[in-house]
Structures are given as structure tokens and as C-alpha cells.
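Enquirer: I am attaching a structure below and will ask some questions about it afterwards.
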């Protein structure tokens with residue numbers, strides 16, 4: 001079977017674009033959660049320093065926020081994996 005150079009270039013171009021898309025989805029998808037987690041920790045520590053008696057409630061809310069932020073980063077990872085393995 002004779003495969004033309006144009007066919008090989010089209011397939012490798014599609015593969016390269018999928019890899020680029022997956023890298024961008026994973027890389028850019030974790031920037032927001034990373035910044036959000038930094039803001040969350042900073043605000044929580046500042047709140048605990050201002051009102052030490054509320055430390056338990058602030059910590060609980062911080063952990064809930066961490067879970068939500070981590071879910072966003074996992075969604076970015078799922079999108080990257082879908083681009084790598086499902087999209088043809």
C-alpha cells in the first residue's frame with residue numbers, strides 16, 4: 001500500500017495539534033487553581049491571625065475551598081486526557 005507524503009504530513013500534523021492542545025489544556029488549566037489556592041491560603045492565614053477564636057471554622061471553610069479548587073485542576077487534566085486518547 002502506497003501512502004503519500006501528504007497523508008503522512010496530515011496525520012502527523014493532527015497528532016502534533018492534539019499534543020499541543022493537551023499540553024495547553026493541562027498547563028493553562030492549572031494556572032487559575034494555583035493562583036486561587038495561593039489567595040485562599042493567604043486569606044485564611046490572615047483571617048486566623050485577626051480572629052484566633054474562629055480558627056476552626058476558618059480552617060473548615062478553607063478545606064472545602066481547597067476541594068473545589070482541586071476539582072477545577074482535575075477537570076483540566078481530564079480535558080487533556082480526552083484530547084490525547086479519545087479525539088482522533
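Enquirer: Average the reciprocal distances over every distinct pair of alpha-carbons in the chain, invert the result, and give the Kirkwood radius in Å. Please report the intermediate quantities before stating the final value.
Expert: On the way: mean 1/r = 0.0631 Å⁻¹.
Mean inverse Cα-Cα distance, inverted, gives 15.8 Å.
Enquirer: Given a Förster radius of 25 Å and the C-beta distance between residue 39 and residue 74 as r, what FRET efficiency does 1/(1 + (r/R0)^6) yield to the nearest 0.05?
Expert: Numbers: r = 19 Å, r/R0 = 0.77.
Efficiency at R0 = 25 Å is approximately 0.85.
Enquirer: Another question about this same structure. Tell me what the chain gives for mean residue ellipticity at 222 nm when only DSSP H runs of n ≥ 4 count, each as -39,500 (n - 2.57), the sum divided by the residue total, rounded to 500 deg cm²/dmol.
Expert: On the way: 3 runs with 76 residues, N = 88.
Counting only the DSSP helices, I get -30500 deg cm²/dmol.
Enquirer: Moving to a separate point now. Compute the helix-to-body angle for 55-85: its Cα long axis versus the longest principal axis of the chain, expressed 0 to 90° and rounded to tens.
Expert: Roughly 0 degrees, rounded to the nearest 10.
Enquirer: Taking the Cα atoms only, what angle lies between the long axis of helix 5-29 and the longest principal axis of the chain, rounded to 10 degrees?
Expert: Result, in degrees: 0.
Enquirer: Would you mind calculating the relative contact order of the chain from Cα pairs under 8 angstrom and at least 6 residues apart, reporting the percent as a whole number? Don't skip to the end; give the middle numbers.
Expert: Values: 46 pairs, mean separation 42.6, N = 88.
So the answer I get is 48 percent.
Enquirer: State the extension gain, in nm to one decimal, for the chain segment bounded by residue 84 and residue 13, taking 0.36 nm per residue of separation less the distance between their alpha-carbons. Walk me through the numbers on the way to the answer.
Expert: Working: separation 71, 0.36 × 71 = 25.56 nm, distance 1.38 nm.
Taking residue 84 through residue 13 to full extension adds about 24.2 nm, to one decimal.
The numbers here are math on the coordinates, done by the rules we state, and not lab data. Note that the structure is a prediction, hence the values are computed from the model and not measured. So basically every Cβ, Gly included, is an ideal-geometry build from the backbone, and we count neighbours across all protein chains shown.
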